Amino acid sequence: MSCNLDGRYPTIASPWDDYTVYNFPDASQIAAPDRQPIMDAMNSIIAINWKAIEPHWTAAASPFDSKYSLILVYDHIGLAAFSVYRVMTIAQRLAIYRSGTEVLPAHQGRGLYGFFTSQILKHPSATTRSEGVLYGWRTRNPIVWAANAKICERVAPSLLGEAADAELQAACVEMCATIYPDKPLEVPRMIMRGAYGHIEHIRQDYHGAASLVETAMSQIIPDSADALFSVGYARV
């Protein structure tokens with residue numbers, strides 16, 4: 001894994017004494033010599049958390065494009081966690097899309113996913129908008145789905161019994177078409193077929209809301225290569 005960035009970039013306040021946090025609203029600001037080591041470290045974490053047959057981030061599908069924002073968390077050894085996201089306009093609203101968040105197993109359970117979420121929702125574009133922010137993600141991990149749905153007033157698709165929201169369904173289709181133009185959604189369940197053909201989710205023991213989500217997912221997308229594309233109204 002990559003070494004720490006050694007203070008070559010500005011850091012932001014960390015709730016933990018043993019982590020250094022770098023926040024790049026424009027991921028293209030990361031210098032070219034640093035990109036491959038960072039990308040290798042990101043792919044290494046993904047390969048631990050998933051059954052990966054090929055790298056997820058590549059030069060052709062790089063996280064260092066200006067359309068992405070990137071948060072990196074380092075400990076004294078190297079990269080411990082990261083989050084990639086995009087800010088855009090969907091349905092004439094500000095929209096934030098979680099492109100990928102991964103935490104090394106040794107660092108899970110310390111609140112890093114929630115920390116990433118709070119930092120993403122502090123994006124200047126989000127905090128200056130009076131109307132609700134659209135918040136999207138793609139996953140087949142019940143824990144991730146439940147964690148993201150928890151910060152939203154309503155979500156499409158609805159997995160926990162809420163009424164369907166036509167505006168959110170339309171936002172799902174528009175956001176997916178913007179980010180993954182070659183991956184059509186199956187409406188109204190918002191299924192993206194073959195989203196994870198190159199990586200396979202490792203099933204865990206689920207509890208609480210995640211257990212209910214896992215039951216719904218196992219019925220809707222039993223194939224491990226498929227995913228749900230979801231959009232909600234985030235509470236900012």
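Share of carbon and sulfur in the accessible area of the chain stands at 52%, probe radius 1.4 Å.
Scanning residues 5 or more positions from R154 or on other chains, those with amide H under 5 Å from its amide H are Y233, with H placed 1.01 Å from N in the peptide plane.
Working note: Karplus 6.51/-1.76/1.60 with θ = phi - 60° gives segment 157-162 the couplings x, 8, 9, 10, x, 6 Hz, where Gly and Pro are set to x. Among Y113, I151, A27, whose Cα projects farthest towards the positive end of the dipole of the chain, with charges put on the beta-carbon of Lys, Arg (+1) and Asp, Glu (-1)? Sorting the options by dipole projection puts first I151. What the pair-distance distribution of the chain shows, using all Cα-Cα distances binned every 10 Å from zero, is 7, 33, 39, 19, 2 percent. Rounded to the nearest Hz, the phi-derived 3J(HN,Hα) couplings of segment 111-119 under the Karplus curve 6.51 cos²θ - 1.76 cosθ + 1.60 (θ = phi - 60°) are x, 5, 4, x, 4, 4, 4, 5, 5, where x marks glycine and proline. Radius of gyration (Cα atoms) of segment 99-236, expressed as a multiple of 2.2 N^0.38 Å: 1.03.
Could you grab the relative contact order for the chain? Cα pairs under 8 Å, six or more apart, rounded to a whole percent.
Numbers: 410 pairs, mean separation 46.7, N = 236.
About 20 percent, as a whole number.
Among the trypsin sites (Lys or Arg not before Pro) found in segment 65-125, those both in a DSSP coil and sparsely packed, with 15 or fewer other Cβ atoms within 10 Å of their Cβ, are K67, K122. Counting only DSSP H runs of at least 4 residues, each contributing -39500 (n - 2.57), and dividing by the residue count of the chain, the helix-based mean residue ellipticity at 222 nm comes to -8500 deg cm²/dmol.
Here the peptides 211-218, 158-165 are ranked by packing, the mean other Cβ count within 10 Å, and the order with the highest first is 211-218, 158-165.
Amide H to amide H, with H built 1.01 Å from N, L94 comes under 5 Å of L134, counting only residues 5 or more places away or on other chains.
Per-residue 3J(HN,Hα) values for segment 15-24, derived from phi via the Karplus relation 6.51 cos²θ - 1.76 cosθ + 1.60 with θ = phi - 60°, read x, 10, 5, 9, 10, 10, 10, 10, 10, 10 Hz in sequence order (x marks Gly and Pro). What shape does segment 1-118 take by its C-alpha gyration tensor, where a ≥ b ≥ c are the square roots of the eigenvalues and a/c under 1.5 counts as rounded, a/b above b/c as prolate, and the rest as oblate? It is rounded, given that a/c, with a ≥ b ≥ c, falls under 1.5. Compared with the dominant Cα axis of the chain, that is its longest principal axis, helix 209-220 is turned about 60°.
The values are calculated or read from the model by the stated rules, or taken from the named source; none is laboratory data. Computed from a predicted structure; not experimentally measured. Positions of Cβ are generated from backbone atoms using ideal geometry, with glycine treated the same way; all protein chains shown enter the neighbour counts. Accessible surface areas use protein heavy atoms only, side chains included; no ligands, DNA or RNA. Shrake-Rupley method; radii C 1.70, N 1.55, O 1.52, S 1.80 Å.
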